[in-house]
Structures are given as structure tokens and as C-alpha cells.
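Peer 1: If you scroll down you'll find the structure; I have some questions about it.
Taken together, the values in this text are just the output of simple stated rules run on the coordinates, not laboratory data. Treat the numbers as computed from the prediction; the structure is a model and nothing was measured. A quick note on method: Cβ atoms are made from the backbone with ideal geometry, for glycine too, and the neighbour counts reach across all protein chains shown.
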Amino acid sequence: MSKTTIPTGGITADAIDATLIADNAISEEHLDATAITASTELAATPADTDEILISDAGTLKRIDFSHLDASKFKQVATLNVTSDQGALTFASCFTSTYKNYFVVFSDLKVATNGADVNMLFHYGDSNGNDSTNHNYSFLRRYPSTTAGANEGNANDIKFLQAQKSGAGRFAHGTMYVFNPLSTTDGITAGTILSNGNTNDGTGAQMTVLSFNMPESGSNSAYTGFQFSASSGDIQGQITVYGIVNPS
């Protein structure tokens, strides 16, 4: 049978559907850049369930972005408070999604010069009710002439003495929290590394501190925490990251 040339305009619009296109017939020469540039823009970081096409050794497959993020730290909560308030609180940032957590804090500032910056766990509900049976044990060391402190059965963890005003008034640092949802005594633990200027103006201080819930703890699963000042208000920025569980 001889070939027939179909003139331009000789095919009714939308007359050719998927059943009339041979499998594997659409190649790069039939695609225009407008297949991408004319599409609606996703003007945000893709969600884990968003998908793209890839060639897996020559076979087209779809993959969602949860498999493309190789980071082992996932942001779960953040706050940035630039005015004085009673406490910087995360009521329910610890969940069963992650076992361990990494916290970055910066620009901490107390309203009362020389006040301690304290860390206190929360447990129970979304309101972040404080445990009535705190029983921290912690070891604090300053690499200077200031003596360290070794405290047991404490109500909160004092990890830094802060300066209210002047150069270097802000304190910064990191905190690891290990297994906060554990209800087994002695399992929940962590470390804090922080620095800031001393309140008496004698120079910088760095705190290296470790803490744990001792054997006589309250067997509580801790769902969050707060930073507060031993006297007066506090402000600052804190971000909490979940550490991806090992496969």
C-alpha cells in the first residue's frame, strides 16, 4: 500500500490518543523545553512525597524526595524569640520517629545579669507539663579558674552563667539528647557544649557538661524541654534536629 501524506491541519485536534502512539515512540527529539518551563513552578522545598522521574540503568522509574535527602539530621522544631519571656519551650519535639536528638542554640540572652541558664525536660502532654519528679545528675566543668560542679538529684540542669549586657552578651552552643523517650532508669542522657562571656566581664567561658537520669528517676518518657533563666526572663534562638535512626 502506498504512503499517504496527511497535510498540515488534516488531523482533527485531539484525534490522536495514547492508543495510536506506539510504545517507546516518544524520544528526546519530540520533547521541547516548554514541557518543563511552561509547567507550574514548585516554589518551595519539595516534600518527601514529591516525585521525579529518573533512568535506572535505562529503565524509567519514579522516586520521591525522601530517598534523595542523605542528611542524617532532620529539623523537627525551631523558635526565634527576640524579646524577653519566661522560658524557651518545646513541649513535644521528641517523638518515636527518632531515637536521639541534636539541638543548636544561639543568641541566648538573660534579663538578669549573672543568671544561670537552665535546661529542664518536659513530659506527658502537648502543654509540656513539667515532671514533678525531676532527678538530674550532671557534671559541669569550666576550662578556667572557675570550679566545676557535680550535682545529683537536681531539679534542673544549670549549664551556663550568662551576661546581660555589653560585648559578648549572647551565649551559644549545642546539646545532644540520647533516647529521651526511654522509660528505663538511667538510659536518657546527654551532653551540652556552650560558650559566652562571664557576667563579671573577666572574659569568655566555655561549659562542657554531661547529664543523665539516674537510677532513682521517674521512669518518664520526656517529650520536650525548655531553657530558662534562674532569675528573670530569657530570649534566643533554638533549633531541634532528629538524628536519623541507623538502618
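Peer 1: With a Förster radius of 25 Å, plug the Cβ-Cβ distance of THR8 and HIS30 into 1/(1 + (r/R0)^6) and report the FRET value to the nearest 0.05. Mind dumping the intermediate values first?
Peer 2: Details: r = 17 Å, r/R0 = 0.67.
Given R0 = 25 Å and the Cβ-Cβ separation, E is 0.90.
Peer 1: I've got another one for you. Between THR174 and SER39, what FRET efficiency follows from the Cβ-Cβ distance if R0 is 51 Å, with the result rounded to 0.05?
Peer 2: 0.80
Peer 1: Going by amide H atoms built from the backbone, whose H comes under 5 Å of the H on VAL81, apart from near neighbours?
Peer 2: GLY236, GLN237, ILE238
Peer 1: Using a cut-off of 27 Å between alpha-carbon atoms, which lysines can reach LYS72, once sequence neighbours fewer than 8 places away in the same chain are excluded?
Peer 2: Within reach: LYS61, LYS99.
Peer 1: Among the lysines, which have Cα under 16 Å from the Cα of LYS158 when same-chain residues fewer than 8 positions away are ignored?
Peer 2: LYS109
Peer 1: Also: At 7 Å along the Cα-to-beta-carbon direction for both GLN75 and SER96, put a label point, then send me their distance in nm to one decimal.
Peer 2: Distance between label points: 2.7 nm.
Peer 1: Now for a separate question. Taking neighbour Cβ counts within 10 Å as the exposure measure, how do PHE102, PHE227 sort from fewest upward?
Peer 2: Working: PHE102 18, PHE227 26.
With the fewest neighbours first, PHE102, PHE227 line up as PHE102, PHE227.
Peer 1: Now a separate question. Could you name the aspartates and glutamates in cross-link range of LYS74, using Cα to Cα under 20 Å and dropping any fewer than eight places away on the same chain?
Peer 2: Candidates past the 8-residue exclusion: ASP48, ASP50, GLU51, ASP64.
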